[in-house]
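Everything below concerns the one structure shown next.
Every read-out reported here was derived from the displayed coordinates using simple, explicitly stated rules and does not represent laboratory data. Keep in mind it's a predicted model, so treat the numbers as computed, not measured. Cβ placement follows ideal geometry from the backbone for every residue including glycine, while neighbour counts extend to all protein chains displayed.
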Amino acid sequence: MEYRYTAIVLRKKEVGETDRLYTLYTKERGKVRALAKGIRKPAAKLAGQMETLMLAHVIVMNGRGMGKIAGAVSEHAFPHLRKDYDTLLRVLQAFASLERLVDLEEPDQELFSLAEEYLLLADGLAGKEDWTAIRLLTQAFLFQMFARLGYRIETSTCAASGRRLKSGEVHYFSPGAGGVIGREHAHEAPHALPIRENTIKLLRLFLSNRLEACIKIRAEEKDVRELEHVSHRFAQWIAH
């Protein structure tokens, strides 16, 4: 049976002498794995259409066992991104989180569109040395991805008690509680992290705006660092 996918190449792994195993995130079927036979031979043309983070139209033939890639045409190679090592590294790390957290063959077209938008915006920022913008964009993508996967962070009320959060209070982020909690509940959450009000405000903006709007937000370095710490801990908690 033939399947045609619009896919983002997440990962490739060399198999045997000339083959390669690909992990794709597809619009039609979610995360899938498929084998490309002979793709590492010198005369093979398919390899250039299937680089990591490329957006491509991929044909997969499914019979017994794993599907085989029969053809692919790159739609977008994101060339600016590939020339900016620091930006590329951040995007690769973000997509590594997506690969870890999504299960095989669970389609989500909205999540696919979010991932595609993130790649397009990151490619547009690449080479401009606007490090705050790319870091904020990446954090916005991660927190919106968490939300799409069912892990939306609570930022308006205490995730432990439901009490509305108030300005001027001391707050913590608890992965286990699923959001921000008041100081009175911090002892109940052994992995809770202190979180500043500015960081909470940024989280609210991320969860209520498109990615394109998030790159225009202004934030201090300490706020961005705190966001990165929170997303890293939250991703670890979800994965385990």
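Scaling the Cα radius of gyration of segment 52-112 by the globular reference 2.2 N^0.38 Å produces a ratio of 1.35.
Label sites at Lys166 and Arg4, each approximated as a point 7 angstrom past Cα along Cα to Cβ, lie 6.1 nm apart.
Rg over Rh for segment 2-76 works out to 0.92, both radii taken from alpha-carbon positions and Rh defined as the Kirkwood radius. Based on Cα atoms of the chain, Rg over Rh with Rh as the Kirkwood radius reads 1.04.
Stokes-Einstein diffusion for segment 80-209, with the hydrodynamic radius set to the Kirkwood value over Cα pairs and evaluated at 37 °C in a medium of 0.692 mPa s, equals 204 µm²/s. Entry note, the chain: the mean residue ellipticity at 222 nm calculated from DSSP H runs of n ≥ 4, each adding -39500 (n - 2.57), is -12000 deg cm²/dmol after division by the residues and rounding to the nearest 500.
Taking 0.36 nm per residue of separation and subtracting the Cα-Cα distance, full extension of the segment from His240 to Ala44 would add 66.6 nm. Within a straight-line Cα-Cα reach of under 21 Å, Lys83 can be paired with the following lysines, leaving aside sequence neighbours fewer than 8 residues apart in one chain: Lys12, Lys128. Simple rule: put +1 on each Lys or Arg Cβ and -1 on each Asp or Glu Cβ in the chain, find the dipole, and look at Ile238, Phe143, Tyr3; the Cα lying farthest toward the positive end is Tyr3. What does the net charge come to around Ala36 if you take all other residues with beta carbon closer than 10 Å to its beta carbon, with K and R at +1 and D and E at -1? Computed value for this residue: +4. Give me the distance between the Cα centres of segment 42-121 and segment 23-40, rounded to whole Å. If we compute the Cα centre of each part, the gap is 8 Å. Within the straight-line cut-off of under 12 Å between alpha carbons, the aspartates and glutamates reachable from Lys31 are Glu99, Asp103, Glu105, Glu106, Asp108, sequence neighbours fewer than 8 places apart in one chain being disregarded.
Entry note: segment 1-133 has Rg to Rh equal to 0.97, where both radii use alpha-carbon atoms and Rh is the Kirkwood radius.
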